[in-house]
Each structure stands twice: as C-alpha cells, then as structure tokens.
Ligand SMILES: [Zn+2]
C-alpha cells in the first residue's frame, strides 16, 4: 500500500473514532484529567493491545510499549510518573508468546539499535533456550528491576508490581505470581 493510501486509511479510522461511543468519556477525561488505575508495560507487537486485552476504557490504563517490554530510564520514568503523580496502584509487566524480540535475543544476531533491546533481553534470560520460559524470565527480570528501583521511593513503594504473559493465539493472560 502506498503512503498516501495508508494515511487516508488512518484518517478514515480516526473519523470513525471521533464519532464513536468514547466521545463522552473523552470529554470527561479531557476536562477532569486522567486517573488510570494500572500501569502496563507491554511489547510494541501489533497483536498486543493492552486496552483490548483487558477490555479497558479510555483513561483506565497507563500503557508503556516498547519492543520486548524492556526497561530503561525512559520507561522507569514513565512508571514513576504514573505511580507517584497519577495514582496508579498496580504495575503489570506483560510479555507475550511468539515475541520477535525474545526470538531475536535467543538467535543472538541482532544489530543496530535493535541490539540494545536484545542485549537487555539476553541479560534477563541467561542460558534459557525455551522461548516461553525466556519470555517469562524477561518479564520477571523487569518486575524485579521495578521493585528494586522503587523500593525506597515513598510514593511508589506501596504499588504492587507483577508479571504476566499474554497468549497471542488464545487471547488469555496468565499471571506469573
Ligand atoms: Zn514482542
């Protein structure tokens, strides 16, 4: 598809969205501010859409998406902001089955900026070679990091941090603890 056809397709989608049932909620949250209850750190994979997976409305989830659901300072800053300033009470690190970033880390031959992601995943999974177990280890690594980084943060220490894996075929979420 050509670029202008893609933009047209996106604009048509936006027009449908503007006219959708979300209009009242859009107005409410725009005028009164957002009060999301949960932070979700998920992969950028187009099959992993937290709002759809959890059937959540506008304003409910504070979503951070990055390939491989890895954590660096920008993501930690986003967690800190949402927990300390927006009042989120739960953080979910959401990995998923058939993740290309985890597969690339297992394959061990990424380059360019992608390597910064696969290096992070490789550090998390160690010697693990099973893709699902590797995905779980990558999630738990991020969970541990968030807990450690904010252990002494007065506004974040009472926030619960948990890990989960989304099955892109079944549509189900399995919590890891
Ligand atoms: Zn992924």
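The values are calculated or read from the model by the stated rules, or taken from the named source; none is laboratory data. Just so you know, these numbers come straight off a predicted model, no measurement behind them. Reconstructed Cβ throughout: ideal geometry from the backbone, glycine too, with neighbour counts over all protein chains shown.
Observations on the model:
- All positions within the stretch 18-72 that are touching a strand residue (DSSP E or B) at 6+ places or on another chain (Cβ under 9 Å) and more than 20 Å from residue 164 (Cα to Cα): 34
- Residue count, the stretch 75-116 (criterion: under 27 Å from residue 156 (Cβ atoms) and either surrounded by fewer than 21 Cβ atoms within 10 Å (Cβ to Cβ) or not assigned by TED's automatic domain parsing to the domain that holds residue 50 (or both)): 13
- Of everything in the stretch 40-71 that is away from the ligand (no atom under 16 Å from the Cβ) and in contact (Cβ under 8 Å) with a residue 24 or more places away in the chain, the residue that is surrounded by the most Cβ atoms within 10 Å (Cβ to Cβ) is 62.
- Residue 142 vs. criteria in contact with a helix residue (DSSP H, G or I) (Cβ under 6 Å, 6 or more places away or on another chain), part of a helix (DSSP H, G or I) and either away from the ligand (no atom under 16 Å from the Cβ) or more than 30 Å from residue 24 (Cα to Cα) (or both): no
- Among the residues of the stretch 98-113, those identified as more than 15 Å from residue 128 (Cβ to Cβ), modelled with pLDDT of 95 or more and more than 11 Å from the ligand (Cβ to nearest atom) are 112, 113.
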